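*Asks:* One structure is given below, represented as structure tokens, and several questions about it will come after.
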Amino acid sequence: NTREVPVFHHLGLYAFERNFLAQYSKMKSTPLEECEGLEQLLVLEHGYSIRVSLTQRSILEINTPEDLVQAQALISN
């Protein structure tokens with residue numbers, strides 16, 4: 001029995017208000033945030049919410065030196 005599951009790509013674009021950043025800098029680490037190494041888990045575990053959006057557009061990913069060369073070529077054209 002095989003079933004398809006949706007696959008999503010993650011593009012992290014974060015914007016914060018100044019007063020939140022002052023609070024964020026004082027937040028104590030949490031076990032889940034430390035285990036996963038994701039700063040957004042720290043925010044969630046301290047009771048804040050995070051907004052997300054879905055898009056149908058694909059994004060340019062730069063994960064390797066070769067990806068960087070391709071991105072630079074796109075930008076220069």
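Here, each number is a calculation from the coordinates, and none is a lab measurement. Computed from a predicted model, the values in this text were never measured in an experiment. Backbone-built Cβ (ideal geometry, glycine too); neighbour counts: all protein chains shown.
*Asks:* Are there any pairs with C-beta distances below 7 angstrom linking a residue in region 57-77 that is free of Cβ contacts under 8 Å to residues at least 12 places away in the same chain and under 19 Å from LEU11 (Cα atoms) to a residue that is outside any loop (DSSP other than H, G, I, E, B) and among the hydrophobic types (A, V, I, L, M, F, W, C), with the two at least 6 apart or on different chains, and if so which?
*Replies:* Pairs that qualify, where the first residue is free of Cβ contacts under 8 Å to residues at least 12 places away in the same chain and under 19 Å from LEU11 (Cα atoms) and the partner is outside any loop (DSSP other than H, G, I, E, B) and among the hydrophobic types (A, V, I, L, M, F, W, C), are ILE62/LEU68; ILE62/ALA71.
*Asks:* If you don't mind, another one. Can you name the condition, by its number, that ALA15 falls short on among (1) farther than 23 Å from ILE75 by Cβ; (2) in contact with a helix residue (DSSP H, G or I) (Cβ under 6 Å, 6 or more places away or on another chain); (3) assigned to a loop (DSSP other than H, G, I, E, B)?
*Replies:* With respect to (1) farther than 23 Å from ILE75 by Cβ; (2) in contact with a helix residue (DSSP H, G or I) (Cβ under 6 Å, 6 or more places away or on another chain); (3) assigned to a loop (DSSP other than H, G, I, E, B), ALA15 is out only on (2).
*Asks:* Going through region 25-46 one residue at a time, which ones are under 19 Å from LEU11 (Cα atoms) and either assigned to a helix (DSSP H, G or I) or in contact with a strand residue (DSSP E or B) (Cβ under 7 Å, 6 or more places away or on another chain) (or both)? Full working, then the answer.
*Replies:* Let us first name the residues in region 25-46 that are under 19 Å from LEU11 (Cα atoms), namely 33, 36-44.
Hits for region 25-46 are GLU33, GLU36, GLU39, GLN40, LEU41, LEU42, VAL43, LEU44.
*Asks:* For HIS9, all conditions in the list (1) touching a residue at least 12 places away in the same chain (Cβ under 8 Å); (2) touching a His at 6+ places or on another chain (Cβ under 9 Å) hold save one; what is the number of the exception?
*Replies:* Against the list (1) touching a residue at least 12 places away in the same chain (Cβ under 8 Å); (2) touching a His at 6+ places or on another chain (Cβ under 9 Å), HIS9 comes up short only on (2).
*Asks:* Can you tell me which residue within region 47-56, out of those that are exposed (fewer than 12 other Cβ atoms within 10 Å of the Cβ) and of a type outside the set (Lys, Arg), is farthest from GLY12 (Cα to Cα)?
*Replies:* Step by step, filter region 47-56, then rank; the result is GLY47.
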